[in-house]
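Reviewing the structure listed below.
The values are calculated or read from the model by the stated rules, or taken from the named source; none is laboratory data. Not measured: the values here are computed from a predicted model. Virtual Cβ from ideal backbone geometry, glycine too; neighbours counted across all protein chains shown.
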Amino acid sequence: MRAAVLHGIHDLRVEELAAPEPDPRQVLLRIRRAGICGSDIHYFEDGRVGSFVVTAPFILGHEVTGEVAAMGEGVDGLCLGQRVVVNPARQCGQCDYCRSGRGNLCRRVRMLGSASTKPPTNGGFCQYLAIGAEQCFPIGPEIDDETAAMMEPFAVALHAAHRAGSLAGKRVLVTGGGPIGLLAIIVARTYGAATVALSDPVENRRAMAAKVGADAVLDPTAAGFSDEVARLTGDGFDVMFEASGSPPAVRQAFEVIRRGGTLVQIGSIAQPEIALPVNQLMVREIQFVGSFRYGNVFEEGVRLLAAGRVDLRPLVSDVFPLAQAPQALVVACQRDRVVKVQIDLN
Ligand SMILES: [Zn+2]
Ligand SMILES: [Zn+2]
């Protein structure tokens, strides 16, 4: 099979490899489409994502959709040719977190296309992938490949919404208009927020946010920013999704969130520590919560997509064939211009 293998910084090669065989309770997927994520970009540009350093060549990619091409022993509920979306995080199912319904915090999680393990775990920028049957969620023909390959980042936004609690009637601000921020806007609208605003210093991203349904777009560096927040909300936003990972955005959140508001941190911040006005957490009872990957939101996500409640296709800005995966990564690095770049394997 053909696969896009990362050898080092800016060194992605499309190579011929042996196709994997499915183990018991695994299926072999023929990958149909795959999205390029921020973490793929970090591995390609920097050779690392946080503390996960590329020490051996591996196949990138974890935002995949495909069809079942073969099945290992003991697979129930899937059949040959079934199209599926994939939860790329394999949870152990046994640890205290898995058993208490918080599998995204699993002690022994294994992530597709990741250097978090040694050796690294191969991902899905390839023609065939062997993966646990329990990580596959069937989809019907009403969900196209383009949309299906968006399921993983959509799951990140859905999980963040659950971390915030009910959004019905709330005034919501999303900071950072990358793919996750845009998906947070879509989810907040779908789950009944009264007002959804985006703040981002990059004009292209503000325009994109307006296109996917933000009621207001703000430039956090503009002189009139605070006045605009007051005009939209009175005394601040009820819920904020911090999806930029930018320290000034996290700091500014404490100025624009109202008393008793909830701030959900989704973006990852490059520095290990930043200064924050922590007393405000106390005197204004701000709830500052983290959101990591996704809990059990894939079935919910598939239902929303199948019902046509959300349209994720406007986020897909560029598509390349597998043979051009290196060019696709280069284009994906132009973060101010592109939104989601995908690789088409059909
Ligand atoms: Zn991703
Ligand atoms: Zn576990």
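Tabulated data for the structure shown
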| quantity | calculated |
| --- | --- |
| Boolean, A89 is within 16 Å of ligand 1 (Cβ to nearest atom), hydrophobic (A, V, I, L, M, F, W, C) and either within 22 Å of the chain's Cα centre (by Cα) or closer than 22 Å to D344 by Cα (or both) | yes |
| Looking only at segment 16-72, and only at residues there that are free of Cβ contacts under 8 Å to residues at least 60 places away in the same chain and outside any loop (DSSP other than H, G, I, E, B), the one that is nearest to ligand 2 (Cβ to nearest atom) | H42 |
| Every residue from segment 100-119 that is surrounded by 12 or more Cβ atoms within 10 Å (Cβ to Cβ), on the phi < 0 side of the Ramachandran plot and either within 16 Å of ligand 1 (Cβ to nearest atom) or without any contact (Cβ under 8 Å) to a residue 60 or more places away in the chain (or both) | N104, C106, R108, V109, R110, M111, L112, S114, A115, S116, T117 |
| Options F292, F254: the member that is buried (at least 16 other Cβ atoms within 10 Å of the Cβ) and closer than 16 Å to D235 by Cα | F254 |
| Looking only at segment 298-346, and only at residues there that are more than 16 Å from the chain's Cα centre (by Cα) and of a type in the set (K, R), the one that is farthest from V212 (Cα to Cα) | R303 |
| Subset of segment 65-86 that is more than 11 Å from L28 (Cα to Cα) and in contact with a Leu (Cβ under 9 Å, 6 or more places away or on another chain) - its residue that is farthest from ligand 1 (Cβ to nearest atom) | V84 |
| Filter result (among the aliphatic types (A, V, I, L, M), in a loop (DSSP other than H, G, I, E, B) and loosely packed, with under 11 Cβ neighbours inside 10 Å) within segment 271-288 | A275, V278 |
| Number of the exception - E142 against (1) within 17 Å of L263 (Cα to Cα); (2) not assigned by TED's automatic domain parsing to the domain that holds G236 | (1) |
| Residue match in segment 98-108 (condition: of a type in the set (S, T, Y), in the same structural domain as L78 (by TED's automatic domain parsing) and touching a strand residue (DSSP E or B) at 6+ places or on another chain (Cβ under 8 Å)) | no |
| Residue match in segment 221-231 (condition: aromatic (F, W, Y), buried (at least 18 other Cβ atoms within 10 Å of the Cβ), in the same structural domain as R171 (by TED's automatic domain parsing) and more than 23 Å from A155 (Cβ to Cβ)) | no |
| Inter-residue pairs, beta-carbon under 6 Å, first not assigned by TED's automatic domain parsing to the domain that holds G181 and in segment 249-277, second surrounded by fewer than 20 Cβ atoms within 10 Å (Cβ to Cβ) and not in a helix (DSSP H, G or I), 6+ apart | none |
| Filtered residue count, segment 73-93, keeping only those that are part of a strand (DSSP E or B) and within 26 Å of Y43 (Cβ to Cβ) | 5 |
| Residue list for segment 94-140, restricted to those being part of a helix (DSSP H, G or I) and among the basic types (K, R) | R99 |
| Odd one out for D238 among (1) assigned to a helix (DSSP H, G or I); (2) not small (G, A, S); (3) not assigned by TED's automatic domain parsing to the domain that holds G61 | (1) |
| Sole exception among (1) crowded, with 18+ Cβ neighbours inside 10 Å; (2) over 30 Å from G72 (Cβ atoms) for V202, by number | (1) |
| Scan of segment 18-47 for residues that are more than 20 Å from I343 (Cβ to Cβ) and within 16 Å of ligand 1 (Cβ to nearest atom), ordered by number | none |
